[in-house]
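No lab work stands behind these numbers, since they all come straight from the coordinates. Please read all numbers here as calculations on a predicted model, not as lab measurements. Here Cβ is always computed from backbone atoms with ideal geometry, including for glycine, and neighbour counts include all displayed protein chains.
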Amino acid sequence: MRLHPRRCIRNFALVIMFLFGTFTVTKWSGRFMKMPAKLITQEPSLVESNAADLGHAAVSLTADKHALSRNLDSTATKQYRPKQLVSSPNNPRVEIKLDRLPSRVLVLVYTFNGNEVKWVGENREECNLDTTGETFVQCPLERFEVTYDKQRFSESNLVVFHSNNMPDKGQLVSLSKSRPASQRWVYHTMESPRVTPDPGSLGELFNATWTYRSDSDFSAAYATYVALRPEQKAEAVTGDFAEGKTKLVAWMVSNCGSQLRIDFVRRMQKYIDVDAYGRCSHLLGKKLSCSKSQERRCLKPYKFYLSFENALCKDYITEKYWEHLGEENIVPVVMGGLEGDYKALGIPGSYIDVRNFKSVKELTDYLHYLDRNSTAFNEYFKWRQKYQKSPYHYPLCNFCRSYVLKPEMSRTKIYHSLSDFWVEKGKCGQEDQVIRRMLGQ
Ligand SMILES: *[C@@H]1O[C@H](CO)[C@@H](O)[C@H](O)[C@H]1NC(C)=O
Ligand SMILES: *[C@@H]1O[C@H](CO)[C@@H](O)[C@H](O)[C@H]1NC(C)=O
């Protein structure tokens with residue numbers, strides 16, 4: 001890897017800032033005995049009492065960094081926008097240990113699904129490690145390299161295999177004979193177990209998983225959200241989001257296969273107007289179409305959007321929920337994941353979960369109520385004063401985070417049964433009866 005002088009200076013500066021941060025925290029930890037000095041995530045904001053006072057100190061610290069990073073990188077056209085992660089039960093405060101990350105990580109993409117992947121942003125975008133959003137400690141993405149060159153197998157740290165393009169068992173076994181002990185094989189997919197080949201025969205070969213499931217070693221979550229910073233809060237859009245809306249419920253559907261959700265929407269149509277767009281709209285009586293590029297415009301007149309996944313599986317919440325949280329100003333009515341998944345992964349107050357109703361009729365009554373009461377409707381947009389959808393996290397960022405944040409990444413790990421992890425724990429269909437019950441089936 002070439003050493004870029006500017007990058008060297010910046011890294012040096014980061015180390016200095018890092019040390020300064022640690023020093024400052026250590027100083028604070030003297031005041032607050034419970035804080036172990038070694039954890040750089042022990043942020044002032046974590047201390048419940050005196051939070052305001054210390055929060056102020058943290059802000060000035062970050063402001064310095066802000067100025068510094070601008071001075072060092074005057075060519076950067078992109079505004080420096082530190083990202084914050086929200087502490088949640090799923091995302092506990094974790095220890096940041098940069099020394100867990102090897103000095104160089106070569107990722108060999110052995111098979112993939114054919115789609116082109118953006119492994120990292122144009123300018124090796126920031127990859128914030130801090131779960132409190134106060135220090136802006138960045139993961140050193142420059143240590144990562146991606147290759148598709150199988151000749152480099154033996155020097156690779158991570159070897160990625162895509163679930164749908166898996167070499168056959170014999171090939172994998174023979175390949176595994178020449179693998180270095182420290183190499184990790186990564187099982188990857190973004191789809192649900194419903195549509196991925198059963199990995200039942202792939203035991204004892206893989207060391208890591210990279211899927212949308214939150215218990216994967218590497219995250220491939222479709223999206224996530226972050227807290228707004230104080231100055232962004234001031235800019236948050238408020239107002240009447242019901243204004244200008246002329247229609248009620250829209251659904252965009254191209255996969256006609258999932259009968260349960262089609263039954264559900266048909267039942268909804270008994271009580272409320274649902275406009276279905278897309279390849280399967282004929283199943284719902286009306287044939288409406290809207291090209292992908294026009295989706296936002298098509299959805300704008302509606303108050304609600306059906307974000308129904310094609311399978312109910314653990315953590316399976318896709319772009320169907322995430323992609324229309326913007327200027328369309330519609331409220332997603334969600335059906336996906338399992339009990340509690342939207343609560344754990346979605347933005348609080350941003351959606352209506354069908355599971356919270358006893359019947360389809362009760363759900364549509366509620367939608368009618370929100371249609372009449374714009375105060376209640378507008379409550380579904382309050383989250384915008386607190387959070388924003390997080391920018392896409394590039395895969396190298398997610399890899400980097402895991403190395404640094406997860407202690408198990410420095411230990412041996414073997415998936416004795418991938419089928420247990422992927423199919424059993426994926427739990428597809430196990431809660432379908434909740435939806436059936438709403439339908440009176
Ligand atoms: C409308 O919604 C608001 C907020 O949820 C609620 O306080 C109010 O009682 C509702 N009004 C009616 C007429 O139901
Ligand atoms: C990865 O899995 C292989 C095969 O099960 C095992 O021999 C190896 O020790 C594992 N490596 C790591 C780093 O976990």
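Tabulated data
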quantity: S289-K413 FRET efficiency (beta carbon distance; Förster radius 60 Å; 0.05 resolution); calculated: 0.80
quantity: Full-extension gain in nm, S174 to E231, via 0.36 nm per residue minus C-alpha separation; calculated: 14.9 nm
quantity: Sequence-distant lysines (8 or more away, or on other chains) whose Cα lies within less than 19 Å of K150; calculated: K169, K177
quantity: Pairwise FRET efficiency - Y271 versus E116, Cβ, R0 = 35 Å, nearest 0.05; calculated: 0.20
quantity: Set of aspartates and glutamates near K406 by C-alpha distance (under 14 Å), chain-local residues within fewer than 8 positions excluded; calculated: E95, D99, D130, D215, D217
quantity: Ordering of 192-204, 326-338 by packing [mean C-beta count within 10 Å, highest first]; calculated: 326-338, 192-204
quantity: Candidate lysines for bridging to K233, where Cα separation is under 19 Å - those fewer than 8 sequence places away on the same chain excluded; calculated: K83, K382, K386, K389
